[in-house]
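Working notes, structure below.
The values are calculated or read from the model by the stated rules, or taken from the named source; none is laboratory data. Everything quoted here is computed from the prediction, not taken from an experiment. Glycine gets a Cβ as well: all are built from the backbone with ideal geometry, and neighbour counts include every protein chain shown.
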Amino acid sequence: MHADDVEGLRLIDHHCHGVVKADLDLAGFERLISESYDPPPSGTSRFDSPLGLAVRRWCAPVLGLEPFASPEEYVARRAALGAEEVARSFLRQAGLGALMVDTGYRSDELLDLPAMGALAAVPVHQIVRLEAVAETVAGSGIDAGRYPSAYRAALEEVSKEAVGFKTIVAYRGGFSFDPEPPDDAEVVRAAGQFLEMAASGRLRLADPVLLRFGIWSGARLARERGLPVQFHTGWGDADLELHRSNPTLLTGLIRQFNRLDVNMVFLHCYPFHRDAAYLASVYGNVYFDVGSALHYHGPSSAGLLAEAMEVAPFSKLLFSSDAFGVAEQYHLGAMLFRRALRKTLDGWIGADHCDTATAKRIAESIARGNALRIYPLP
């Protein structure tokens with residue numbers, strides 16, 4: 001394949017977050033390039049990782065530094081340019097065609113949708129996080145009897161312009177839950193304790209009944225509007241109990257959503273990316289990506305994408321960066337994705353498994369075509 005066959009594609013980043021508004025010191029930057037809450041071993045830094053190495057190699061030149069600049073040089077250059085200029089540079093370097101931004105996590109620290117759109121110079125669309133809506137409703141002072149109707153109304157209102165929903169149930173108990181929708185009586189009983197916790201300042205939804213209610217409320221709206229529902233899957237921070245987030249645990253829910261013609265998109269998936277690829281191959285409503293796992297793999301990213309493509313239909317794999325906090329993740333997610341995709345397809349062509357015309361079509365599908373098919377972008 002010619003480099004332009006992949007480099008020229010305007011990627012649809014179907015799952016990402018905003019970037020921080022403020023300048024970052026070295027410690028602040030390092031916190032945003034790791035999923036760990038614990039400090040690195042004494043005498044080391046977060047840059048001593050595949051992602052840290054990728055930042056030094058591929059991001060330093062974008063800021064006018066030599067490849068492999070030291071962490072101190074890198075962060076000093078960032079500060080000299082200012083947060084806005086840094087974000088603009090990396091967002092525009094990424095070659096994106098549109099962003100779909102999850103606005104439900106730490107939104108007060110991050111640039112909002114209009115600001116992200118202005119810096120990236122591309123359309124930006126909202127993904128609504130189902131659990132964040134529940135926590136907002138719980139903080140509004142309603143009683144348990146009104147919770148079901150209040151949640152449905154709030155979800156419908158906040159998602160009027162949204163192009164999809166997202167759940168982080170993987171973080172709030174995992175995927176081994178009853179796939180049936182709860183009735184309102186169950187929801188009211190569960191809401192009582194949740195609202196008591198909210199009144200005491202503990203505003204974190206973890207009740208399995210209310211989590212199911214949120215997912216099913218999202219699914220019903222998704223069916224009406226032709227939207228997908230995203231599921232954080234696998235790879236994540238230390239709040240996650242990894243073994244509970246294997247997407248095969250959702251087989252019952254997949255079948256229910258399939259009967260309703262509601263698409264499910266599994267995000268990140270590592271180390272369950274092969275499981276997600278299998279599910280995408282046998283269920284018409286399952287799509288997936290490898291998300292931020294790609295740039296966290298750094299030099300090994302091509303192997304990760306190749307594994308994701310082993311059995312997945314080419315119509316079922318999407319691109320996302322899951323960039324959060326630092327715009328470098330947009331640039332790295334896009335660049336490493338392009339390099340990995342080209343390497344995989346060139347290998348297929350070289351081994352006579354694929355012709356160039358078909359490889360171009362596969363690349364376009366994964367980079368943007370599949371997202372344009374399942375999300376209602378204007």
Among what's in segment 31-58 and is among the β-branched types (Val, Ile, Thr) and closer than 15 Å to residue 298 by Cα, pick the residue that is surrounded by the fewest Cβ atoms within 10 Å (Cβ to Cβ).
33
Just checking, which of 9, 32, 65 is at pLDDT 95 or above and assigned by TED's automatic domain parsing to the domain that holds residue 348?
9
Do we have any residue at all in segment 63-82 that's in contact (Cβ under 8 Å) with a residue 60 or more places away in the chain, crowded, with 16+ Cβ neighbours inside 10 Å and among the β-branched types (Val, Ile, Thr)?
no
Any idea which of (1) within 19 Å of residue 377 (Cα to Cα); (2) touching a His at 6+ places or on another chain (Cβ under 6 Å) is the one residue 156 doesn't satisfy?
(2)
Go through the residues of segment 346-365 one by one and say whether even a single one is on the phi < 0 side of the Ramachandran plot, in the same structural domain as residue 230 (by TED's automatic domain parsing) and crowded, with 24+ Cβ neighbours inside 10 Å.
no
I'd like the residue in segment 255-295 that is part of a helix (DSSP H, G or I) and within 22 Å of residue 216 (Cα to Cα) and, out of all such residues, is nearest to the chain's Cα centre (by Cα).
276
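Taking the condition of being charged (D, E, K, R) and either in a helix (DSSP H, G or I) or in contact with a strand residue (DSSP E or B) (Cβ under 8 Å, 6 or more places away or on another chain) (or both), how many residues in segment 164-202 meet it?
6
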Looking at 131, 161, which one is assigned by TED's automatic domain parsing to the domain that holds residue 217, charged (D, E, K, R) and surrounded by fewer than 20 Cβ atoms within 10 Å (Cβ to Cβ)?
161
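So, restricting to helices (runs of 4 or more DSSP H) that lie completely within segment 43-142, which ones have at least 2 residues that are under 21 Å from the mean Cα position of the chain (by Cα) and closer than 27 Å to residue 366 by Cα?
Correct list: 50-54, 83-93, 113-120.
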Expected single match for free of Cβ contacts under 8 Å to residues at least 60 places away in the same chain, surrounded by 24 or more Cβ atoms within 10 Å (Cβ to Cβ) and small (Gly, Ala, Ser) among 371, 308, 312 is 308
With respect to residue 205, is the statement that it is touching a residue at least 12 places away in the same chain (Cβ under 8 Å) and either touching a strand residue (DSSP E or B) at 6+ places or on another chain (Cβ under 8 Å) or among the acidic types (Asp, Glu) (or both) true?
no
What's the number of the only condition in (1) farther than 20 Å from residue 270 by Cβ; (2) touching a helix residue (DSSP H, G or I) at 6+ places or on another chain (Cβ under 7 Å) that residue 347 fails to meet?
(2)
Here is a check on your reading of the model: is residue 161 in a loop (DSSP other than H, G, I, E, B) and modelled with pLDDT of 95 or more?
yes
Flagged pairs (Cβ under 8 angstrom, 6 or more apart or on separate chains; first in segment 176-190, in the same structural domain as residue 255 (by TED's automatic domain parsing); second assigned to a loop (DSSP other than H, G, I, E, B) and at pLDDT 95 or above) are 190/182; 190/207
Restricted to segment 220-254, and to residues that are of a type in the set (A, V, I, L, M, F, W, C) and farther than 21 Å from residue 284 by Cα, which residue is surrounded by the most Cβ atoms within 10 Å (Cβ to Cβ)?
235
Being part of a loop (DSSP other than H, G, I, E, B) and in contact with a Leu (Cβ under 9 Å, 6 or more places away or on another chain) narrows it down to one residue among 238, 323; which is it?
323
